[in-house]
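Where a number appears in this text, it was derived from the coordinates with a stated rule and is not lab data. Remember, it's a predicted structure, so these values are computed and weren't measured experimentally. No Cβ is skipped: glycine too gets one built from the backbone with ideal geometry, and neighbour counts run over all protein chains shown.
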Amino acid sequence: MTTAHSHSPTDIEQALADAERVCARRGARLTEQRRRILEQILRTDGVIKAYDLIHALSSDDHSIKPPTVYRTLAFLLEQGLIHRIESLNGFVACSHPGERHESALMICDGCGQITEFHTPEPATQALEARATDQGFAIESRMVELHGRCADCRNV
């Protein structure tokens, strides 16, 4: 299990280097713009929304446009570097970039902590079997579990 909290500068540099390797291995480029957006996601404690990224990365002399951010988020999702949290309409860095894995996210509705973990194989197989029985073709999946973390429950 990995907690998606803000990272130390060393962790961020390592995550960006890992992202470079993932992209290179897939024949994709982590451009400066993509790198800046991924870095901001890594620096964020918890989930970040697209418009938060626009605000954080824009300055008086340079404004980043929404289409640029959305295209970049689509690229980062495609490369497996981030996850979209549908229920919060936001994004978090993936704790296992470049690895093929089924993840679930535990989202604390108290403090906003997000913990990523691998979905156990029996659960994945059960979802696949149920979908097949219904003639449903799964195109993507992300399990989101909302509740309260141990710290928030003990307050």
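Suppose R0 equals 35 Å; then what is the FRET efficiency for Asn154 and His118 from their Cβ-Cβ distance, rounded to the nearest 0.05?
0.85
Give the long-range amide H neighbours of Glu144: residues separated by 5 or more places, or on another chain, with amide H under 5 Å away, using H modelled in the peptide plane at 1.01 Å from N.
Answer set, sorted by chain and number: Leu105.
Run the lone-cysteine check on the chain: no other Cys C-beta under 4.7 Å from the residue's C-beta.
Within the chain, the cysteines lacking a partner Cβ under 4.7 Å are Cys23, Cys94, Cys111, Cys152.
Quick one: what are the phi-derived ³J(HN,Hα) couplings along the stretch 137-153, Karplus 6.51/-1.76/1.60 with θ = phi - 60°, whole Hz, x for glycine and proline?
The phi angles translate into 9, 6, 9, 7, 7, 8, 8, 10, 10, 9, x, 10, 6, 4, 4, 5, 6 Hz.
Tell me which residues come under 5 Å, amide H to amide H, from Ile64 once H is placed; ignore anything under 5 positions away on its chain.
Ser58, Ser59
Angle check, please: helix 121-133 long axis (alpha carbons) against the longest principal axis of the chain (alpha carbons), in degrees 0 to 90, nearest 10.
The answer is roughly 70 degrees.
Residue-wise, which Karplus ³J(HN,Hα) couplings in Hz belong to the stretch 73-84, taking 6.51 cos²θ - 1.76 cosθ + 1.60, θ = phi - 60°, and x for glycine or proline?
4, 4, 4, 5, 5, 4, 7, x, 8, 9, 10, 9
Using the Karplus curve 6.51 cos²θ - 1.76 cosθ + 1.60 with θ = phi - 60°, work out ³J(HN,Hα) for each residue of the stretch 50-65 in order, rounded to whole Hz, and write x for Gly and Pro.
4, 6, 5, 5, 4, 5, 5, 9, 9, 9, 4, 9, 8, 10, 8, 8
For the stretch 2-93, just run the numbers: alpha carbon Rg, then divide by 2.2 N^0.38 Å, N being how many residues it has.
The value comes to 1.02.
Working from Cα positions, state the angle (0 to 90°, nearest 10) between the long axis of helix 9-25 and the longest principal axis of the chain.
Value to nearest ten degrees: 80.
For volume of the Cα convex hull per residue in Å³, several values are listed as (i) 121; (ii) 141; (iii) 99; flag the one computed from this structure.
Matching entry in (i) 121; (ii) 141; (iii) 99: (ii).
Which far-off residues, 5 or more places away or on another chain, put their amide H under 5 Å from the one on Thr119, with H placed in the peptide plane?
Amide H neighbours of Thr119: Glu102, Ser103, Ala104.
Given the C-alpha atoms of the stretch 103-153, compute the convex hull and give its volume per residue in Å³.
Normalising the Cα hull of the stretch 103-153 by residue number yields 86 Å³.
Can you show me the helix-derived [θ] at 222 nm for the chain, built from DSSP H runs with n ≥ 4 at -39,500 (n - 2.57) apiece and divided by the number of residues, rounded to the nearest 500.
-13000 deg cm²/dmol
Going highest first, how would you order 128-141, 106-119, 56-69, 80-93 by mean Cβ packing within 10 Å?
Top to bottom by mean Cβ count within 10 Å: 80-93, 106-119, 56-69, 128-141.
Which residues in the stretch 100-127 have a backbone N closer than 12 Å to a point placed 7 Å from the Cα of Gln134 along the Cα-to-Cβ line?
Once the point is set 7 Å along Cα→Cβ of Gln134, 127 turn out to lie under 12 Å by backbone N, inside the stretch 100-127.
Pull up the DSSP beta bridges for the stretch 15-155 and report the antiparallel fraction as a percent, rounded to 5.
Antiparallel: roughly 65 percent of the beta bridges in the stretch 15-155.
What percent do you get for the relative contact order of the chain when only Cα pairs under 8 Å and 6+ apart count?
Rounded, it is 25 percent for the chain.
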